[in-house]
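Worksheet for the structure shown next.
The values are calculated or read from the model by the stated rules, or taken from the named source; none is laboratory data. Model, not experiment: these values are computed from the prediction. Here Cβ is always computed from backbone atoms with ideal geometry, including for glycine, and neighbour counts include all displayed protein chains.
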Amino acid sequence: MIPLKEALGLLGLNDENFHIITSQYDFAKLLRVTETICCRIPGYTDKELKYIKGLFTNCKKINDARNRIAHGTWYVSGEAMGTESVSRQNLKYQINFEDVKEIHDIIGTIENCKNELSKFTIGRLRRLRV
C-alpha cells in the first residue's frame, strides 16, 4: 500500500525493513496503521483529515465484504443463495449476499475507493515534492 510505504519512508524506514515489518500484519491492521500515520503527517486541514478518514472507512468496509465473500460458507438452496458467516468481533451469525446486487454494489465501492486512493496518493506525493 503506497500511502503506508510513503508514510513510513518519512520516518526513515527503508524498503527492506518496510516489508519485514508489514508482512506481520493483516490487511485490516495495515489499514489502521496507514490511516493513523497519514493523519499524523503535518499539513492537513480538518477537511482533508475528514476525507482521509472517510477513505479508510470505505477501505475497511471493502475488507469486511471481502472477508464475507472469501471466508463465508456459500450456499444455494432452491432459488436462494448467499453466504453464511459469524462476525469475529461480536460472534453474530449473518447471511450475506442473498441478492447479487450486493456484490455489484461492493464492486462499485471498490472502484470508487481505488480511484480516490490514487488521487490521494498522487496529491500527497505532489505536496511532498514542493
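Somewhere in segment 111-130, is a residue modelled with pLDDT of 90 or more and either touching a Lys or Arg at 6+ places or on another chain (Cβ under 8 Å) or outside any helix (DSSP H, G or I) (or both)?
Scanning segment 111-130 turns up no residue that is modelled with pLDDT of 90 or more and either touching a Lys or Arg at 6+ places or on another chain (Cβ under 8 Å) or outside any helix (DSSP H, G or I) (or both).
Out of segment 46-94, which residues are acidic (Asp, Glu) and either in contact (Cβ under 8 Å) with a residue 24 or more places away in the chain or in a strand (DSSP E or B) (or both)? So that I can check it myself, show each step before the final result.
Pass one, segment 46-94, residues acidic (Asp, Glu): 46, 48, 64, 79, 84.
Selection gives Glu84 alone.
Taking only segment 105-122 into account, find how many residues are acidic (Asp, Glu) and surrounded by 11 or more Cβ atoms within 10 Å (Cβ to Cβ).
The number of residues fulfilling the criteria is 2.
What do you reckon, is Lys53 within 20 Å of Asn96 (Cα to Cα) and modelled with pLDDT of 90 or more? Show your work before the answer.
Values: within 20 Å of Asn96 (Cα to Cα): no; modelled with pLDDT of 90 or more: yes.
Here the answer is no, as Lys53 does not meet what is asked.
Matching residues to (1) surrounded by 13 or more Cβ atoms within 10 Å (Cβ to Cβ); (2) among the β-branched types (Val, Ile, Thr); (3) closer than 27 Å to Thr109 by Cα:
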| site | (1), (2), (3) |
| --- | --- |
| Ser23 | no, no, yes |
| Phe27 | yes, no, yes |
| Leu30 | yes, no, yes |
| Val33 | yes, yes, yes |
| Arg40 | no, no, yes |
| Gly43 | no, no, no |
| Asp46 | no, no, yes |
| Ile52 | yes, yes, yes |
| Phe56 | yes, no, yes |
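When you scan segment 64-94, how many residues do you find that are exposed (fewer than 10 other Cβ atoms within 10 Å of the Cβ) and within 18 Å of Ile110 (Cα to Cα)?
Total satisfying the criteria: 1.
Keeping to segment 15-39, report how many residues are of a type in the set (D, E, K, R) and modelled with pLDDT of 85 or more.
Counting residues in segment 15-39 that are of a type in the set (D, E, K, R) and modelled with pLDDT of 85 or more gives 4.
How many of the residues in segment 99-110 are in contact with a strand residue (DSSP E or B) (Cβ under 9 Å, 6 or more places away or on another chain) and modelled with pLDDT of 90 or more?
Residues flagged as in contact with a strand residue (DSSP E or B) (Cβ under 9 Å, 6 or more places away or on another chain) and modelled with pLDDT of 90 or more within segment 99-110 amount to 1.
Check whether at least one residue in segment 95-104 is surrounded by 10 or more Cβ atoms within 10 Å (Cβ to Cβ), free of Cβ contacts under 8 Å to residues at least 24 places away in the same chain, of a type in the set (Asp, Glu) and in a strand (DSSP E or B), and report yes or no.
No: zero hits.
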